[in-house]
Amino acid sequence: MKCSKKWLVYLIAVLTLAMLIVVAGCGGKKDSDKAMKYPTKPINMVMAFTAGGSSDVQARIMQKYWDKLVPQPWVFQYKTGAGGAIGFSEIAKAKPDGYTIGGVNVPHIVLQPIGQNAQFSIDDYIYICQVVNDPQALVVNKNSRFKSAKEVIEFAKANPGKLKVGIVGTYSGSHMALLEWEDQAGIKTAQIVYKGAADQNAALLGGELDVMMGNVNDVMRSLDMMTVLAVTSKERIKFLPETPTFKELGMNVFSDIRRGFVVQKGTDPQIVKFLRDTFKKIAEDPEYIKDMEKAGQPTEYLSGEDFEKYVKENNANAQTLLKKVGLAK
Amino acid sequence: MWEHILAGFLETMQPFNLFLAIAGLVGGIVIGALPGLTATMGVALMVPVTFAMDATSGLIMLGAIYSGAIYGGSNSAILINTPGTPSSVATTFDGWPMCKKGKADEALIGSLTASCIGGFIGTLFLLFVAAPMAKLALKFGAPEFFWLCIFGLSTIAAMSVNNVAKGLVSGALGLLVSTIGLDLALGVPRFTFGYYPLVGGIEVIPAMIGLFSFSQVIYLVASKQKFIADYNPSPGALSRVLRKFWTSCKVNLLRSSLIGTVVGILPGAGGEIASIISYNETKRWDKDPSRFGTGVIEGVAASESANNAVIGGALAPMLTLGIPGSAVAAVIMGGLLAHGIQPGFKIFESSGNLAYTFIVSLLVVNVLMFFIGLFLIKGTARVLNVPAAYIGVGIVALSVIGSYAIRNSMLDVAIMVIFGLIGHFGGRIGLDTGTMALGIILGPIIEENLSKSMSIAGAEGSVFSVFFTHPISLVLIIFTVFSVSAPALIAKWRLKSNAQGGGQNG
């Protein structure tokens, strides 16, 4: 019996350890500075994607600078699944008291309610700011027979439904970019849907795909093996000075992936102002910009108002486009 | 290269790095042993911590956690029939029967030794042939993946020799479960019955915790057993295991490590598939396949050496192509990028010191793991001395925490309980939890690659040429056909040769 007690203690120790591990990621910082009315307690930071992912890494960099400005820390919560939809609705449904901030991605928050009956809408949020803008890129294998976007389009026109284009997920940034491109270039392709950038890149390198539509950020790592034919940004990208934009090629293809932060509709305007100001300060800190660059995050700051305007615009465009191709009513 | 390796070794031996490796191993083993806390989670939680260190030390720690967690999963697989990580599902097939026979110590030491050997071999491959390995990853397209998983699924035939029909039904149920949620190609919700949270699908881990652990608790509670298994630690277990490995498991360990490495290279296929395939192959090539499942150390060795060998494989395309071969490798890559290190073929030149030190540290970690593991086993095996009532409470608590922790969602806890009930009551009518788990694990990968292959076939205009003309696919198809028919054929042949009085193969 004595022995079993000892092992009960052991078991409890293991359990406690388990709990500790679960909460370990949350960190904790006590600070009694309550001069300001908000925030008076740690703020939940809801992430719709996994810990260690690109969104998470970005938010963690931000947190470093947030901690310098605000005495209350962020407590990270990961609510993942369904391409982010689970987390996004979690953010929308939280109490609008300023203590649940969330990271959102566009076009995900625009497309999921249209295409998949997600349980939130873009009107559920107040937008704090945009921090990242990752354009999409039309990419081929370095050894591809295609040397330019024009050649790809010519092939696709001559062989409708034969050009194998890889995209990541449906109702995603790369899906939208492909739809826009097909619409603008007047072509029809075979879309092949991959789960993530990793298997999409592998498929392009392995020769399974003719071209792919992917995040510039994911392509950058493999530039010695891939050629970027066109990008969806408004202007040429610093790292790819040779690569034309779709716009230059005469096509209005602008789909990209943007990340920003939001709180719930109904949050006290003063809190919103505080958050917008603080995030602006962080986003403009040269050290922060340097950190972001180091982590390969394509930084582009937009104020809350501008970000909201962009989301609304994106929504209108997506509605029109999806209706046109028959994916939405 | 050799000077890089030597420098890497010296760097690993720095007291601070050595400390990180040991701490990472212990932490990893504990995380791995707790059902629901997976290697991915453990590594992901520690990535931000590495921001505070230099990149090399951070990588050493992450590698140690990864190795420890994959090994750790076998502890609970053996002791409480609950795979601590999905990679250890196949370890339960023989580990748990060994435990029930009172040979828990041999099973634990066997799994530890096999893990270290597998991890070491996988890392050697990574060290010397990383670039060719990465190129192999690129040869694997959607049809190849499809056939690989069908091959994995053919394990059902071997797993349920006595009742293939029930095995097939269980596997099919697993596949069916795996279709719940958003369809990948069209983005349409399926089988959610209008209940929105289900669009995320059934998470594999809560389902498996339910099928294996929670159902086990119900059984435990109903059985009035005082202890979950007898534990007769016998002195000399270590030397017995080592001798056995040396005399009769060499081929098994090598083959399983090789399978693990190759499967590890492939993005989207990890330890869970590698261990199942290795287990199946070891069983097939054994002189007496029928002993498998009754508690033979070869089964444990196959599964555990394979899943640790996956680590070396999974890191190869990550380091050389920037394409991670597993979820954990993806997280580690996130850490690398955050340190401003770009993976790619050039990594061995541009960040040679770092890359080699990381790889060499994994070799050191696998050696360290043997001794740390031996030390920890002394404690973990004593779980069997705890009365079943306490163990039951402990498993329930861990099951709930583990299921919740995957997505921080109560839905997953409910899924865990439901699958626990399915596992328990289904088990009474012959439902095979092992094959059902196989269906749940392999289902999404099969479907994803089937749909990709069909899209490609649509573009190329021929289903036949996409599915049946790629060389790797053909090899996998032949394997599959062989795998499905072999158990029956071999049984028939044995019967015949026994009847003729041959019998020496029996």
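What follows is calculated from the coordinates using simple rules that are stated; it is not laboratory data. Remember, predicted model here, so these are calculated numbers, not experimental data. Here Cβ is always computed from backbone atoms with ideal geometry, including for glycine, and neighbour counts include all displayed protein chains.
Assorted remarks:
- Net charge contributed by nearby residues that have their C-beta within less than 10 Å of A:R145 (K/R +1, D/E -1): -1
- Chain A: DSSP helices with Cα axial extent of at least 20 Å and average Kyte-Doolittle hydropathy no lower than 1.0: A:2-24
- With 5 Å bins beginning at zero, the pair-distance distribution over Cα atoms of segment A:209-325 amounts to 2, 8, 15, 18, 18, 16, 12, 7, 3, 1, 0 %.
- Cα extents of segment A:135-231 along the three principal axes, largest first (Å): 31, 29, 22
- Estimated inter-spin distance, A:K238 and A:E284, nm [label 7 Å along Cα→Cβ]: 1.9 nm
- Most positive-pole-ward Cα, B:A488, B:S409, B:Y390, against dipole of segment B:2-497 from beta carbon charges: B:A488
- Estimated translational D of chain B in µm²/s (Stokes, Kirkwood radius over Cα pairs; 20 °C; 1.002 mPa s): 93 µm²/s
- Spin-label model, B:S223/A:L321: points 7 Å from Cα along the beta carbon direction are separated by 5.8 nm.
- For segment B:15-170, alpha-carbon Rg relative to the globular expectation (2.2 N^0.38 Å, N residues): 1.22
- Dimensionless Rg over Rh [segment A:109-164; C-alpha; Kirkwood]: 1.21
- Residues of type lysines that A:K64 reaches as a straight line, Cα spacing below 18 Å, ignoring anything fewer than 8 places off in the same chain: A:K29, A:K30, A:K41, A:K280, A:K281, A:K290, A:K294
- Annotation: the residues A:D183, B:D94, A:D56, B:D432, sorted from fewest to most other C-beta atoms within 10 Å of their own C-beta, follow the order A:D183, B:D432, A:D56, B:D94.
- Packing-based exposure ordering (other Cβ within 10 Å, fewest first) of B:V360, B:V300, A:V104: B:V360, A:V104, B:V300
- Dipole check for chain A: with +1 at the C-beta of Lys and Arg, -1 at the C-beta of Asp and Glu, and the Cα centre as origin, the magnitude is about 940 Debye.
- Note on chain A: Rg/Rh from Cα positions, Kirkwood definition for Rh, rounded to two decimals, is 1.04.
- Under 12 Å, Cβ to Cβ, from B:L489 - net charge with Lys/Arg +1 and Asp/Glu -1: +4
- In a DSSP loop and with at most 16 other Cβ atoms within 10 Å, the trypsin sites (Lys or Arg not before Pro) in segment A:250-285 are A:K265.
- Share of pairwise Cα separations in segment B:102-161, more than 19 Å, in percent: 63 percent
- Max-minus-min Cα coordinates of the protein assembly as shown on each principal axis give 82, 69, 61 Å, with the largest extent listed first.
- Only one residue of B:H4, A:Q136, A:L209 has its Cα farthest out toward the positive end of the dipole of the protein assembly as shown, where Lys and Arg carry +1 and Asp and Glu -1 on Cβ, and that residue is B:H4.
- Residue exposure sequence - B:Y279, A:Y38, B:Y356 - by fewest surrounding Cβ within 10 Å: A:Y38, B:Y356, B:Y279
- Residue-count net charge about A:K265 - beta-carbon cut-off 13 Å; Lys, Arg +1, Asp, Glu -1: -3
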